[in-house]
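Data first, discussion second: the structure below is written as structure tokens.
The values are calculated or read from the model by the stated rules, or taken from the named source; none is laboratory data. Computed from a prediction, not measured in an experiment: that's the story for all the values here. Here the Cβ is made from the backbone with ideal geometry for all residues, glycine too, and neighbour counts use every protein chain on show. Note: areas computed on protein heavy atoms with side chains; ligands, DNA, RNA excluded. Shrake-Rupley method; radii C 1.70, N 1.55, O 1.52, S 1.80 Å.
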Amino acid sequence: MMFDFSIVTTAIDSLLRQTLGLGDFWSILIECVLVGVGILTAYALIAIALIFMERKVCAYFQCRLGPMRVGPWGIFQVFADVLKMLIKEIFVVDRADKMLYYIAPFLVIIASVGTFSFLPWNMGAHILDFNVGLFLITAISSIGVLGVFLAGWGSNNKYSVVSAMRGAVQMISYEMSLGLCLISAVVLTGTMQVSGIVEAQVGPWSWLIIKGHVPAILAFLVFLVAGNAEANRGPFDLAEAESELTAGYHTEYSGMGFGFYYLAEYLNLFVISGIASTVFLGGWAPLNIGIEGFDNLMNLIPGFIWFFGKTFAVVWILMWVRWTFPRLRIDQILTLEWKYLMPLSLIILVLMTVCVALGFHG
């Protein structure tokens, strides 16, 4: 049996309420502060790890070494970049829409942190866990589209406006395929609650990508492609397109305004990979194959290691894709979604429904 992290949270709640004698208000307030600090700390640390990983993976595929000078193997290069970003001057753009210009980065961060909070790290270790969890994930993530669009529109820059248009139409389009793939998982598990989806994958050969057979495998692949586009990652990074749009929608941002977009890009990559590993690869659930000795050994590995191992494996695949394929044109991006991925997602949903109705699923 895997460790249930709810034992720790229950102990903390008991300490505040019974041992220290605090009332409901102060106990809940302290718990919310602790959770908030934990989320932001994990958010920052994972972003730093992903930035370093991206540079090293990119260097590997290009037969280079990547950052090597600042610290051993260049591990402090990211910290130097963060310090540089913090002390950079924040300038004001002439004739920009000030309200839209300043609010846009916060919308992107809100969407990123909101979806990040739904990820189940371990059994009993989830921050937000509603009975309509997948619905809320798609709803909150769509706020990021506004952050991209308003940044371009409010910057008073023709390159940023073109980028905002591209980013908005791309992200709105690929949300359709993302949603349909998640609905296919809901049909198979019978719940929209994230913890319920993971619990449905506990047991021998119970990961959705296994017991859902071909429809689940196809849904997983479509989800990766659509998720890559949703996170504005290559080859779907047409909204940034440095060779033609300078830096796209965040051309006019500096300091932490740019830093928020930089953080959100990498955390969106982690969130997409985390949702893929949670919904299709069992999340914190270990790989069990029905052999008692093997299953007992797998159950000894903590759930958070399973979750991070699967998630970073998906992250590596998406980085591999980014540094392998050339950037697509906007017409190719929309053709891929509306002519291929969208019909395929609908077919997957129908096949999954038929499999569940006829009892063909594992």
Residue that is farthest from Glu230 (Cα to Cα), among those in segment 135-166 that are within 21 Å of the chain's Cα centre (by Cα) and polar (S, T, N, Q): Thr138
Selected residue (criterion: nearest to Ala276 (Cα to Cα)) from residues of segment 315-362 that are touching a Gly at 6+ places or on another chain (Cβ under 8 Å), surrounded by 14 or more Cβ atoms within 10 Å (Cβ to Cβ) and of a type outside the set (A, V, I, L, M): Arg322
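Please verify whether Ser163 is touching a Phe, Trp or Tyr at 6+ places or on another chain (Cβ under 9 Å) and buried (at least 19 other Cβ atoms within 10 Å of the Cβ), treating the condition exactly as stated.
Answer is yes for this residue.
From Ile7, Ile39, Ile90, which residue is touching a residue at least 60 places away in the same chain (Cβ under 8 Å) and open to solvent by less than 30 Å² (accessible area, probe 1.4 Å)?
On the way: Ile7 fails: open to solvent by less than 30 Å² (accessible area, probe 1.4 Å); Ile90 fails: open to solvent by less than 30 Å² (accessible area, probe 1.4 Å).
Going through Ile7, Ile39, Ile90 in turn, the sole match is Ile39.
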Residues being within 20 Å of the chain's Cα centre (by Cα) and open to solvent by 20 Å² or more (accessible area, probe 1.4 Å) - total across segment 251-271: 6
Selection within segment 145-160 - of a type in the set (A, V, I, L, M) and open to solvent by less than 10 Å² (accessible area, probe 1.4 Å): Val148, Ala151
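Looking only at helices (runs of 4 or more DSSP H) that lie completely in segment 34-141, which have at least 2 residues being of a type in the set (Gly, Ala, Ser)? Full working, then the answer.
Values: elements: 77-87, 98-116, 133-141.
The qualifying helices (runs of 4 or more DSSP H) are 98-116, 133-141.
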Every residue from segment 93-119 that is open to solvent by 30 Å² or more (accessible area, probe 1.4 Å) and of a type in the set (Ser, Thr, Tyr): Tyr102
Cβ pairs under 6 Å, 6+ apart, first in segment 273-292 and within 15 Å of Gln193 (Cα to Cα) and among the aliphatic types (A, V, I, L, M), second open to solvent by 10 Å² or more (accessible area, probe 1.4 Å) and in a helix (DSSP H, G or I): none
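Residues that are farther than 30 Å from Glu292 by Cα: list the helices (runs of 4 or more DSSP H) wholly contained in segment 202-280 that include at least 1 such residues. So that I can check it myself, show each step before the final result.
Numbers: elements: 208-211, 213-230, 242-245, 255-280.
Correct list: 213-230, 242-245, 255-280.
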